[in-house]
Every structure is written in structure tokens, then in C-alpha cells.
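**Q** Please find one structure pasted underneath; my questions will follow.
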Amino acid sequence: TADFLIGDLAKKEPVSDGDCLIVPGDTLCGVETTTGTVYTEIIIKKETTMNSIVKSGEVMKLKDLISYEEGSIANLDVVSNGTMKFEGTGLTPHRAPGNAIIFALEGKATIGYEGKDYTLSAGENFRFDKNGLHSVTAQGKFKMALLLVLE
């Protein structure tokens, strides 16, 4: 767990396991923790389109924004621009149009990558290269996010 200090007035936003916090560009940020914390920071420098379901300066669980859909793959674009996309989704076999990282948010899945299978569980991540053949097959209910960088 950690407290993120947001803005000039250092508004405290508590963040814990599985939480997501989106902060507007050019906003002063800091982190305080008594127990230590590990987090992923994604900095986007280009003009972006943010899904209105994602509120700036509010802690959320990305997995809670994505709904299960029986027999199909659910998709939610969180943020995107002309060169990158961050979405919650599942994937059928295809070649990656750019470098990408999968973030397992809930459950477990099998990642097929270049002819080899890997097990991915909630809290773990998997990276694949541009043009890498890959798929994601859920083992039961599974939620993930995908960061895709288009070049």
C-alpha cells in the first residue's frame, strides 16, 4: 500500500494491491509508504483520448471496469492515441502490431507466444514483441489489460 500525493497541495490518494490511479499530465506527484510498494507507471506524452469511465485523480480497480461476457471477449479502451492503446481485453491468435505488455488483473490464462504456452495469473505481466504471434486463452474467468505501443 502507498499514499500518492497529487498536485501542489499533495492530496493523498491511498492505493493498494490491484488499484489503478490516473493523473493528468504535468501534475506534481509523490509517493509515501511505510511498508514499501511496487507499482507500474505509464507516462503518455502525446495527445490522448481517455475513456470517460476513467476519472482523473480517483483510485479505481481497472478489473472492475471490465465486464465478463459469456462466450465472447470483452474490450474496453481505457486510453489511446495514434501510437498507443491501453485496453482491457482478451485476444485470439494474431500478430502484434507493436510492442505490448499484458497485465493480468483477475484469474488465470494461457498465453500462447511464438509456439510456446505460458501461464499468467492475476498480478503478473507478459511482454511480447511487434509481429510476435500470440493469443490469450482464459482458464475460467479472466480479466486483463493490454498496453500496446504502435510505431
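The values are calculated or read from the model by the stated rules, or taken from the named source; none is laboratory data. Just so you know, these numbers come straight off a predicted model, no measurement behind them. Here the Cβ positions follow ideal geometry from the backbone for every residue, glycine too, while neighbour counts run over all protein chains shown. These area figures cover heavy atoms from the full protein model, side chains too; ligands, DNA and RNA do not enter into them. Shrake-Rupley method; radii C 1.70, N 1.55, O 1.52, S 1.80 Å.
**Q** Residues of region 35-54 being surrounded by 15 or more Cβ atoms within 10 Å (Cβ to Cβ), at pLDDT 75 or above and either over 15 Å from the mean Cα position of the chain (by Cα) or not in a loop (DSSP other than H, G, I, E, B) (or both), which ones?
**A** Selection gives THR37 alone.
**Q** Let me ask you something else. Taking region 18-34 only, how many residues are at pLDDT 80 or above, open to solvent by 40 Å² or more (accessible area, probe 1.4 Å) and over 19 Å from VAL78 (Cβ atoms)?
**A** Selection size over region 18-34: 5.
**Q** Among the candidates THR92, THR119, THR137, single out the residue that is over 17 Å from the mean Cα position of the chain (by Cα), at pLDDT 90 or above and not acidic (Asp, Glu).
**A** Going through THR92, THR119, THR137 in turn, just one is over 17 Å from the mean Cα position of the chain (by Cα), at pLDDT 90 or above and not acidic (Asp, Glu): THR119.
**Q** Here is a follow-up. Which pairs turn up if I take residues in region 56-79 that are over 23 Å from PRO24 (Cβ atoms) and at pLDDT below 70 and look for partners that are of a type in the set (Ser, Thr, Tyr) and open to solvent by 40 Å² or more (accessible area, probe 1.4 Å) with beta carbon separation below 6 Å, at least 6 apart in sequence or on another chain?
**A** ALA74/SER67
**Q** Something else now. Give the residues of region 99-128 that are part of a loop (DSSP other than H, G, I, E, B), among the charged types (D, E, K, R) and out of contact with any Gly (no Cβ under 9 Å at 6 or more places or on another chain), sorted by residue number.
**A** Selection gives GLU124 alone.
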